[in-house]
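The values are calculated or read from the model by the stated rules, or taken from the named source; none is laboratory data. These numbers come from a predicted model, not from an experiment. Don't worry about glycine lacking a Cβ; one is built from the backbone with ideal geometry, like all the others, and counts go over all protein chains shown. Heavy atoms of the whole protein, side chains included, go into the accessibility calculation; ligands, DNA and RNA do not. Shrake-Rupley method; radii C 1.70, N 1.55, O 1.52, S 1.80 Å.
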Amino acid sequence: MLVNKAAGRDWKATDYPGIERSLFRNNETGGRSSVVRLARGSRFPRHAHHGHEEVVVLSGTVSIRGVELMPGDYLFTVPGEEHDVVAVSDAVIFVLSQKSTPVVE
């Protein structure tokens, strides 16, 4: 059993200003499960999906491929899709990726 309590969550800066990640686990196919914290106006560049991805917005608002998602909203991405993520407000999202998602821009 793996437990990651919110109170002691370890946040790490990413290569993108205003975006931090708290990793839950890496999976056996090169993907990972994590919580991502985005400051308003930050942007994760367009990236390609080699496997499926699931996103749940926990707080705030993000725009993914031009669609605004708010708390409780869910996104499923299939292999081959590409998109960016823009923080419309400060936001926290849960991301589960089946495989790695390389940046394409």
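Charges on Cβ only, +1 for Lys and Arg, -1 for Asp and Glu, centred on the Cα centroid of segment 43-105; of 57, 94, 47, which one is farthest towards the dipole's positive end?
After comparing all options, I get 47.
Residue 48 to residue 23: FRET efficiency via 1/(1 + (r/R0)^6), r the Cβ-Cβ distance, R0 30 Å, to the nearest 0.05?
Details: r = 21 Å, r/R0 = 0.69.
Working from the Cβ atoms, E equals 0.90.
On the full set of protein chains, 1.4 Å probe, figure out the accessible area of residue 3 and give it in Å² to the nearest 10.
The accessible area of residue 3 comes to roughly 90 Å².
List the relative contact order of segment 1-56 as a percent without decimals, with contacts defined as Cα pairs under 8 Å and 6+ residues apart.
With pairs under 8 Å counted, the relative contact order is 25 percent.
Calculate the dipole size of the chain relative to its Cα centre from +1 charges on Lys and Arg beta carbons and -1 charges on Asp and Glu beta carbons; express the result in debye to the nearest 20.
Values: 12 positive and 13 negative charges, 72 e Å.
Its charge dipole is roughly 340 debye.
Ordering 70, 1 by accessible area with a probe of 1.4 Å, largest first, what comes out?
Working: 70 95, 1 225 Å².
Putting 70, 1 in descending order of accessible area: 1, 70.
Where only protein heavy atoms count, and the probe is 1.4 Å, what is the accessible area per residue for the chain in Å²?
I get 58 Å² per residue for the chain.
Scaled to the compact-protein estimate 2.2 N^0.38 Å, what is the alpha-carbon radius of gyration of the chain, rounded to two decimal places?
It is 1.00.
When only the heavy atoms of the protein chains count and the probe is 1.4 Å, how do 9, 40, 46, 25 rank by accessible area, highest first?
Reading off the accessible areas and sorting them downward yields 40, 25, 46, 9.
What's the carbon and sulfur percent of the chain's accessible surface, probe 1.4 angstrom, rounded to a whole number? Walk me through the numbers before you get to the answer.
Numbers: 3190 of 6060 Å².
The nonpolar share, carbon plus sulfur, comes to 53 percent.
List every residue whose amide H lies under 5 Å from the amide H of residue 85, counting only residues 5 or more places away in sequence or on a different chain, with H placed 1.01 Å from N in the peptide plane.
Under 5 Å from the amide H of residue 85 lie the amide H atoms of 44, each far enough along the sequence or on another chain.
Round to the nearest 10 and report in Å² the accessible area of residue 74, as given by a 1.4 Å probe over the protein chains' heavy atoms.
Residue 74 has an accessible surface of roughly 120 Å² with all protein chains in place.
Based on alpha-carbon atoms only, what is the radius of gyration of segment 4-55 relative to the globular estimate 2.2 N^0.38 Å?
For segment 4-55, the normalised Cα radius of gyration is 1.22.
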